[in-house]
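Enquirer: Take this structure, written in structure tokens, and hold onto it; I'll ask about it next.
Every number here is computed from the coordinates shown, using simple stated rules; none is lab data. Only a predicted model underlies this, so the values are computations on that prediction, with no experimental measurement involved. Don't worry about glycine lacking a Cβ; one is built from the backbone with ideal geometry, like all the others, and counts go over all protein chains shown.
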Amino acid sequence: MFKILASRELAPKVNLMQVYAPLVSGKAEAGQFVIVRAHEKGERIPLTIADFNRQDGSITLVFQAAGKTTSMLAAMKKGDRIPDLLGPQGNPTEIKNYGNAVVIGGGIGIAPVYPLARSLREQGNKVISIVGYRSKDHVFWEDKMSSVSDRLIVSTNDGSYGRKGLVTDTLQELISGGQKIDIVFAIGPAIMMKAVSGITVPLGIKTVVSLNSLMVCGMGMCGACRVEIGGKTRFTCMDGPDFDASLVNFDLLMKRLDTYKNEECSCHKPA
Amino acid sequence: MYSKENMPIEKNAVPMRQQPATERIKNFDEVPLGYSRQEALKEASRCLQCVNKPCVGGCPVHIEIPSFIKALRDNDLQKAIDIIHANDSLPCVTGRVCPQEEQCQAVCAMKKFGEPISIGRLERFLADWDRENRKNKKDTPAAAVAAKNRSVAIVGSGPAGLTCAAELAKKGFSVRVFEGYHKPGGVLVYGIPEFRLPKAIVESEIDLLKGLGVDFTPDALIGRALTIEDLFKQGFSAVFIGAGAGLPNFMNIPGENLNGIYSANEFLTRVNLMKAYKFPEYDTPVKRGSFVAVIGGGNVAMDSARTALRLGAKHVYLIYRRSEKEMPAREEEVIRAREEGVDFRILTNPVRYAGDDRGAVTGVECLKMELGQPDSSGRRSPVAVKGSEFILDVDEVIVAIGNTPNPIIPRTTAGLKTGRHGEISTDESGRTNLPGVFAGGDIVTGAATVITAMGAGRTAALAIEKYLTEKGG
């Protein structure tokens, strides 16, 4: 059982939970995830690690209350216990000094972008962060992102806060303005990562995406999370979740994310 | 044929009652119903009590079979189960899933005169009797006496790990089992279906281990959360790796990632471990296809096909590229699958999957095969018949063509020697090239049987005891 140290809503349907999980926090690195099961009859779902603290043994999860499991988690309070939490799973993001690094987070994807930006900065990169929210009400972690970015550009879909438009609009303008970019990291909905790659890959900009496949085991034994990378089948949990965007078959990823669309309890929404 | 008491011996084994096929495909309850005491005694009376005991040699864990049958005949059921427990920590499991017809029963002397003794059924009878009997006792079994002040970490809680843990606990070592899933049992809980091995039985066998003092840490994947090196740093004196052959194989043919195509591991895990057959009471969904193709000819393929039927499939094809003779599945499982209506398409090989615009599978294109020369496994290898393509319309596919060892531990353990397919290399006693690190089961041999893995766990336990004794301290 994993004790909840803090639980609060950051924005509508966006929840933060700090959990005591010393086995996870001891080894966690940016880019990794955990598998969570919220109750005895529950599903196993992957959630990206948004932060970790090796000193107090805690990890932070930020998730969208979209399906049954995430809604149950959102309703849990400080002091409650999560029955099952496995991690850290997946491979850490490869962090080194690339030069000018652009990190792009969309919606809930902004949470895992935070430790990534922090690590990139620690390695001496110049970090430009592009974050996009639906509207002003949905803005969270702007201050945290600002603290780890050399430059932070915020946008909302409806223009109620920051710039109006999508993260890809900001990226496009950055590129048109002559900004030198050595690498792009994008984390968010599959459609957003596909759109980012659509801009950067033709320009030959190295782009890394963190794929949000459906999972069951999270440790290589089931293959629920298989994706197509450079025409070959790969498991997100074993070979990813980070992949070279130029090799990812995004259309297949999106179709596979919809596998259980018709089942009443589609608790698998990417988080 | 006469017994020592000069009584005529019945040539035929006492049959086991089972759920009729038309009934059982509507439920997930166990198919064979087990012997009554009377039936067990009758079957036991057929044993010749041979002096040279070929059955013991045929058993991978060398259970003293004639001795337990003798005790059973003497109506001393406790003594009989104690004899089994001396070598086999999971008799409820092995009595159900062991391929006895290839092991103890294959070499039974009664085969010269009639059917071999149904050793597995007798084992199951005794193990089930013991389980019921334990339920009525209030006191749990006493923890091992003379505890040795040394602890051993067991990585993986499948048949190899559980057996190794039980043996070491009985020897007085302190034992902790680490499991990646939320529930211990490995393939016994995620793989083998309820109708072949009820999960309540696995749980009670694990409770017995807990009674012996074995500790379990679920939700801990060794290699990620803790490395093998970390386990030694934490104070464990030895480590046994029984992590299984966890990585499912695919054929790498076009369309294999369409929705509705599962590895058998995923399909069975959803249904067995996550209880998707009780969806929506349980949250995990599984596709319930109407026309299902299962690819493969092993026990896992049979389990998948029979599970698909129970989930409501109208028609289940079992597609296997060789002939029925080469099928690795137990004969008993093939017979049951046939009884239940599985449509065997032997000498058939899938080459491509077709899908609709939403990415869901709609068909499998197959080629007819014929048998050519024997291959490295000694089985005649299948050769495609030119121009024999045909399509089966299906809305779900389960790929059951085996697994390779999970690479997480080899990848994260510096210097650990592995073989060509990523399996951990050990000597015959289960020692790896790293001091204090032992391994056994499918992660060493590649996919094999429950009892082979149990045998390896037992052998390694002996080697661990020897290692720790020699190391002293």
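Enquirer: What residue among A:244, A:182, A:143 shows peak mean-square fluctuation when chain A is described by a Gaussian network model with Cα springs under 10 Å?
Expert: A:143
Enquirer: Any chance you could check the Cα centroid distance between the stretch B:428-473 and the stretch A:127-203 for me, in angstrom?
Expert: After rounding, the separation between the Cα centres reads 53 Å.
Enquirer: Of B:79/B:183; A:194/A:261; A:27/B:171; B:53/B:137, which ones are farther than 28 Å apart at the Cα?
Expert: On the way: B:79/B:183 31 Å; A:194/A:261 20 Å; A:27/B:171 34 Å; B:53/B:137 34 Å.
Exceeds cut-off: B:79/B:183; A:27/B:171; B:53/B:137.
Enquirer: Working from Cα positions, state the angle (0 to 90°, nearest 10) between the long axis of helix A:190-200 and the longest principal axis of chain A.
Expert: 20
Enquirer: Can I ask one more? How far is it, in nm, from the label point at residue B:111 to the one at residue A:29 when both lie 7 Å from their Cα along the line to the Cβ?
Expert: Placing both labels 7 Å beyond Cα along the Cβ direction yields 5.4 nm.
Enquirer: Expressed as a rounded percentage, what relative contact order does the stretch B:374-473 have, with Cα pairs under 8 Å and six or more residues apart?
Expert: 18
Enquirer: Hey, another quick one. Listing A:133, A:20 from the residue with the fewest other Cβ atoms within 10 Å to the one with the most, what is the order?
Expert: Values: A:133 25, A:20 18.
Going from least to most buried by this count: A:20, A:133.
Enquirer: What is the distance, in nm, between label points placed 7 Å from the Cα along the Cα-to-Cβ direction at residue A:146 and at residue B:148?
Expert: Label-label distance for residue A:146 and residue B:148, simple model: 6.2 nm.
Enquirer: Further question: Among the listed pairs B:233/B:471; A:136/A:255; A:3/A:126, give every one whose C-alpha distance is greater than 25 Å.
Expert: Table pairs above 25 Å Cα-Cα are A:136/A:255; A:3/A:126.
Enquirer: If I build a Gaussian network model for chain A, linking alpha-carbon pairs within less than 10 angstrom, which residue out of A:215, A:254, A:193 has the largest mean-square fluctuation?
Expert: Maximum among the listed residues: A:254.
Enquirer: I've got another one for you. If I model a spin label at residue A:232 and residue B:200 as a point 7 Å from the Cα along the Cα→Cβ vector, what separation in nanometres do I get?
Expert: Result: 4.8 nm between the two label points.
Enquirer: Measure out, as a whole number of angstrom, how far apart the alpha-carbon centroids of the stretch B:154-209 and the stretch B:271-311 sit.
Expert: Between the Cα centres of the stretch B:154-209 and the stretch B:271-311 lies a distance of 23 Å.
Enquirer: Sort A:153, B:222, A:187, B:335 so that the residue with the fewest other Cβ atoms within 10 Å of its own Cβ comes first and the one with the most comes last.
Expert: Values: A:153 20, B:222 25, A:187 29, B:335 12.
The most exposed by this proxy come first: B:335, A:153, B:222, A:187.
Enquirer: To check you understand DSSP bridge types, tell me what percent of the beta bridges within chain A (both residues inside) are antiparallel, rounded to 5. Mind dumping the intermediate values first?
Expert: Values: 35 of 59 bridges.
Antiparallel bridges: around 60 percent, rounded to the nearest 5.
Enquirer: Another question about this same structure. Given a Förster distance of 45 angstrom, what is the FRET efficiency for residue B:42 paired with residue B:428, based on the Cβ-Cβ distance and rounded to 0.05? Can you show the working numbers first?
Expert: Details: r = 40 Å, r/R0 = 0.89.
Result of the calculation: an efficiency of 0.65.
Enquirer: May I ask you to derive the FRET efficiency for residue A:80 and residue B:358 from their Cβ-Cβ distance with R0 = 56 Å, giving the value to the nearest 0.05?
Expert: Numbers: r = 39 Å, r/R0 = 0.69.
The pair residue A:80/residue B:358 has a calculated efficiency of 0.90.
Enquirer: I've got another one for you. Summing Lys, Arg as +1 and Asp, Glu as -1, what charge do residues with Cβ under 13 Å from the Cβ of residue B:378 carry, residue B:378 excluded? Write down the numbers at each step before the final one.
Expert: Numbers: positive: B:322, B:325, B:379, B:380; negative: B:326, B:375.
Neighbourhood net charge equals +2.
Enquirer: With a 10 Å cut-off between alpha carbons and a GNM built on chain A, which of A:152, A:116, A:214 moves the most?
Expert: A:152
Enquirer: Contact order normalised by length for the stretch A:160-271, with contacts defined as Cα pairs under 8 Å and 6 or more residues apart; what percent is it?
Expert: Details: 140 pairs, mean separation 25.5, N = 112.
Once divided by the residue count of the stretch A:160-271, the mean separation gives 23 percent.
Enquirer: While we're on this one: Put +1 on the Cβ of every Lys and Arg and -1 on every Asp and Glu Cβ in the protein assembly as shown; which of A:181, A:133, A:85 then has its Cα farthest towards the positive end of the dipole?
Expert: Farthest towards the positive end: A:85.
Enquirer: Moving on. Normalised by the number of residues in chain A, what is the relative contact order in percent for Cα pairs under 8 Å and 6+ residues apart? Numbers along the way, then the final one.
Expert: On the way: 643 pairs, mean separation 48.9, N = 271.
Reported relative contact order: 18 percent.
Enquirer: Let me ask another. Residue B:177's amide H: which non-local residues (gap 5+, or another chain) put their own amide H closer than 5 Å, with H modeled 1.01 Å from N in plane and none for Pro or chain starts?
Expert: Correct list: B:154, B:215, B:216, B:217.
Enquirer: Please compute the Kirkwood hydrodynamic radius over the protein assembly as shown, one decimal place, Å, based on all pairs of different Cα atoms. Could you put the intermediate results ahead of the total?
Expert: Values: mean 1/r = 0.0361 Å⁻¹.
Its Kirkwood hydrodynamic radius stands at 27.7 Å.
Enquirer: Oh, and also: Calculate the mean, over all residues of peptide A:105-113, of how many other protein chain Cβ atoms lie within 10 angstrom of the residue's Cβ. Write down the numbers at each step before the final one.
Expert: Numbers: counts 0, 0, 0, 0, 0, 0, 0, 0, 0.
Going residue by residue through A:105-113 and averaging, the value is 0.
Enquirer: Calculate how steeply helix A:167-176 sits against the longest principal axis of the alpha-carbon atoms of chain A, using the helix alpha-carbon long axis, and give the answer as 0 to 90 degrees to the nearest 10.
Expert: Taking Cα atoms only, the helix is inclined about 20 degrees.
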